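All remarks here apply to the structure that follows.
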Amino acid sequence: MSALLVTGDRDQDAGVRGLSTAEYRAFLAGRADVSFLQCPSWSEVKDQWVSERVGWSLDNGELAGVAQILYRQFPGTRKYFAYLPEGPVADWSDPEMDRWLDPLLRHLRRAGAFAVRIGPAPAYRRWDAARLKAATGPGRRIGDILATEVDPLGSAVAERLRTRGWKRCGGDDDGDAQPRHVFRLPLAGRTDAELWAGFNQEWRRNVRTARKAGVRIVVGGAADLPEFYRLLRITEERDGFRLGRSLAYYERQYAALNAEQPGRMRLCLAVHQGEVLAAHTMITVGRRVWYQTGASADHRREVRPSNALQWQMIQDARALGAEVYDMRGVPSTLDPQDRPFGLLRWKLGTGGQVVETLGEWETSMGGTTNNALYRAFQAYLARR
């Protein structure tokens, strides 16, 4: 994957400059709020994009924030759509965010971007599992329910972006490229016994069933990715969704993330009577662990391989020192008759929280040409 060489010049206003991979990684090291999508290795996964990594300094000259930027060229032009997935890695609590946001936008404009999409880190609202389970019903949605917690920082950042002309992507309830509602299980300061006690009765029963049936949990390798992908296609057909990713995509992801840090991406397998019945991917960055993608067979589901697999992954995440186990996206429906509700119900059983992120936000770079390209780009996305 080659980086996009847009400019070697320093933006004198805020010290925006290109960073070496080593500089960039050093800044990310130890931070609790870094997404795996902002790791350098992720640019190797996105094979139709070119990338660069930049950082900026403020008052004391020290590096204050960084961003991995992915660029996708608009066909027939020298213009790019700039994407910072779950980034930039910045001080979102800074009430003077223009100090770094404006110079970053100028940098993107000089790079040829006609529009940019970002994913601010702060959360917006949180709902405990018990509150949502009690609120399920016909036509109900997560947004209809009073949140357990509203994050004032998230609300402030959303308002600051709106007043600057940014628009939130996706519909009222769900996200776009990244999910707006995610499910997170807090791990910090909790023992395995306390996590187990937080599971509902059905989850505990299913894990015990798997154990009695002889389901074994093992860590696979690159050679097991074709079997994972076969199970993923079965899962997509059964559950009525399509991720649209190829086996080559997962092979590239596995190679890139583990080349960056051995064990960063794991393929965890539930094996019963010599057959892989479930396969889940797990990604670790700093003090966060993500359950990224899950797949399972249609047969022998009564031995509950996925529950056993998740329980082992949660224990492994805690042993790695993770403070949060992120189970990624959930649907916004609370209606048991809606097909997607099954995924939310399954994750609620672990006793964690649904978190509404700020989601992704977009803005045009301004000017007649950029605005026209942005409208054309939005029309293309609407037809997908």
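The values are calculated or read from the model by the stated rules, or taken from the named source; none is laboratory data. Bear in mind the structure is a predicted one, so any value in this text is a computation, not a measurement. Every residue, glycine among them, receives a Cβ derived from its backbone with ideal geometry; neighbour counts consider all protein chains shown. The area values use the complete protein model at the heavy-atom level, side chains included, leaving out ligands, DNA and RNA. Shrake-Rupley method; radii C 1.70, N 1.55, O 1.52, S 1.80 Å.
Carbon and sulfur together cover what percent of the accessible area of region 275-339 at a 1.4 Å probe radius? Don't jump to the answer; show the numbers that get you there.
Values: 880 of 2160 Å².
Here it works out to 41 percent.
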inquiry  = Let's see if you can work this out: charge +1 on each Lys and Arg Cβ, -1 on each Asp and Glu Cβ, no other charges. What is the dipole magnitude of region 208-300 about its Cα centre, in debye to the nearest 20?
reply    = 400 debye
ask   = Sorted from largest down, what three extents in whole angstroms do the Cα atoms of region 58-156 have along their principal axes?
value = 51, 42, 16
Sequence-distant residues sharing a close amide H with V16 (under 5 Å, placed H) = D11, S57
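What percentage of the solvent-accessible surface of region 14-155, computed with a 1.4 Å probe over protein heavy atoms, is contributed by carbon and sulfur atoms? Show your work: numbers first, answer last.
Values: 2790 of 5790 Å².
C and S atoms contribute 48 percent here.
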task = Please state the charge dipole magnitude for region 325-384, taken about the Cα centre, from unit charges on C-beta atoms (+1 on K and R, -1 on D and E), reported in debye and rounded to the nearest 20.
result = 260 debye
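With a probe of 1.4 Å, find how much accessible area region 39-116 has per residue, and write the answer as a whole number in Å².
Details: 2940 Å² over 78 residues.
Spelled out: the 1.4 Å probe surface of region 39-116, per residue, equals 38 Å².
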note = Semi-axes of the chain from the Cα gyration tensor (sqrt of 5 times each eigenvalue, largest first, whole Å) come to 36, 23, 21
task = For region 160-238, with all protein chains present and a 1.4 Å probe, just round the carbon and sulfur fraction of the accessible area to a whole percent.
result = 47 percent
Under 27 Å from the Cα of K46 - lysines, other chains or at least 8 residues apart = K79, K167
task = Please report the Cα spread of region 90-133 along all three principal axes, rounded to whole Å, starting with the longest.
result = 49, 23, 10
request  = Mark the label point 7 Å from the Cα of T148 along Cα→Cβ and return the residues of region 176-209 whose backbone N is within less than 13 Å of it.
outcome  = 183-187, 198-200
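In debye, nearest 20, what is the charge dipole magnitude of region 55-127 about its Cα centre with +1 on Lys and Arg Cβ and -1 on Asp and Glu Cβ, if you could check?
Working: 10 positive and 8 negative charges, 127 e Å.
The calculation lands at about 600 debye.
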Residue-normalised accessible area of region 276-384, expressed per residue, 1.4 Å probe, Å² = 38 Å²
remark   = The set of residues whose placed amide H lies less than 5 Å from the amide H of T148, leaving out same-chain residues fewer than 5 positions away, is R126, W127, D128
key: Reachable lysines, given that their alpha-carbon falls under 17 Å from the alpha-carbon of K347 and they are not under 8 places away in the same chain   = K133
ask   = Relative to the longest principal Cα axis of the chain, at what angle does helix 98-110 sit, 0 to 90 degrees, rounded to 10?
value = 80 degrees
query = In whole Hz, what ³J(HN,Hα) sequence does region 147-153 give by Karplus (6.51, -1.76, 1.60; θ = phi - 60°), x for Gly and Pro?
reply = 5, 5, 8, 10, 7, x, 5
remark   = Any residue on another chain or 5+ positions along whose placed amide H is under 5 Å from the amide H of V324 is listed here as L187, V289
